[in-house]
1. Working only within the range 22-63, note down all residues that are over 30 Å from GLU96 (Cβ atoms), part of a strand (DSSP E or B) and β-branched (Val, Ile, Thr).
2. Might you let me know whether the range 177-193 holds any residue that is within 19 Å of the chain's Cα centre (by Cα), closer than 22 Å to ASP90 by Cβ and among the small types (Gly, Ala, Ser)?
3. Among the candidates ALA19, ALA70, ALA14, single out the residue that is surrounded by 14 or more Cβ atoms within 10 Å (Cβ to Cβ), assigned to a helix (DSSP H, G or I) and without any contact (Cβ under 8 Å) to a residue 40 or more places away in the chain.
4. So is ILE127 open to solvent by less than 70 Å² (accessible area, probe 1.4 Å) and within 20 Å of LYS94 (Cβ to Cβ) or not?
5. Restricting the first residue to the range 30-45 and requiring it to be more than 18 Å from ILE57 (Cα to Cα) and in contact (Cβ under 8 Å) with a residue 24 or more places away in the chain, which pairs with a second residue that is aliphatic (A, V, I, L, M) and in a strand (DSSP E or B) meet a Cβ separation below 7 Å and a spacing of at least six or different chains?
6. Are any residues in the range 130-165 touching a Lys or Arg at 6+ places or on another chain (Cβ under 6 Å) and either in contact (Cβ under 8 Å) with a residue 40 or more places away in the chain or open to solvent by less than 10 Å² (accessible area, probe 1.4 Å) (or both), and if so, which ones?
Amino acid sequence: WGGDGGTFDIGLQALSGAAERNEDFLYICNDNEGYMNTGTQRSSATPLLAWTTTTPIMQPKENPKKDIVAIMADHQIPYAATASIAYPEDLIRKMEKAKKIRGTRFIHLLSPCPPGWKIPSELSVKISRLAVRSRVFPLYEIENGRTYVLQEESHVVPVEDYLKLQGRFGHLTPKDIEETQKRVDAAWERLLRKARC
């Protein structure tokens, strides 16, 4: 069980080596999109244009979030999936499925950090649900690096609905939000193409 900093950044070399050997373990990345335990610094899991203490409003993060699930899938591990605290039944199902598989298994769990995201703690589940519904954080599974299964959301919302509740995105302009929507739509289309193969 690791955070996004220890998974996307400082621990990636060890995780990649173990995945390349297909070691038999289940790895859960608890992603709160920053180095929260040391004061909300940017990690490579931090979204594009997000505020952190090391990417302040006058110079927000200039790079998109690293696609850790694609990196893990490229190791052709038996199982990789995304999950959210807002969908506990889905998380439990994926955990149960992963437990029955041998080899490297990876679950990417989105889990907000209220102080780091500048949200009231009581909005954590709502914002997690909006991340999925806006397709910022889609739920899907990948088997053997090739077979993609997407869980399509029946109630899709604009990306703005997700962004506007978070203080870390309070500085975004309408153009920034429009560009973010385009990036999210393009990423969703790429996932759809992979699922159709």
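1. Once the filter is applied, which keeps residues that are over 30 Å from GLU96 (Cβ atoms), part of a strand (DSSP E or B) and β-branched (Val, Ile, Thr), the range 22-63 yields THR52, THR55.
2. Yes, there is a match, as at least one residue in the range 177-193 is within 19 Å of the chain's Cα centre (by Cα), closer than 22 Å to ASP90 by Cβ and among the small types (Gly, Ala, Ser).
3. Only one candidate passes the filter, namely ALA70.
4. It is false that ILE127 is open to solvent by less than 70 Å² (accessible area, probe 1.4 Å) and within 20 Å of LYS94 (Cβ to Cβ).
5. ASN30/LEU109; ASP31/LEU109; ASP31/LEU110
6. TYR148
The values are calculated or read from the model by the stated rules, or taken from the named source; none is laboratory data. Source: prediction; values computed, not measured. Neighbour counts are summed over all protein chains in view; Cβ atoms, including those assigned to glycine, are modelled from backbone coordinates with ideal geometry. Quick note on the areas: whole protein, heavy atoms, side chains included, nothing else; ligands and nucleic acids left out. Shrake-Rupley method; radii C 1.70, N 1.55, O 1.52, S 1.80 Å.
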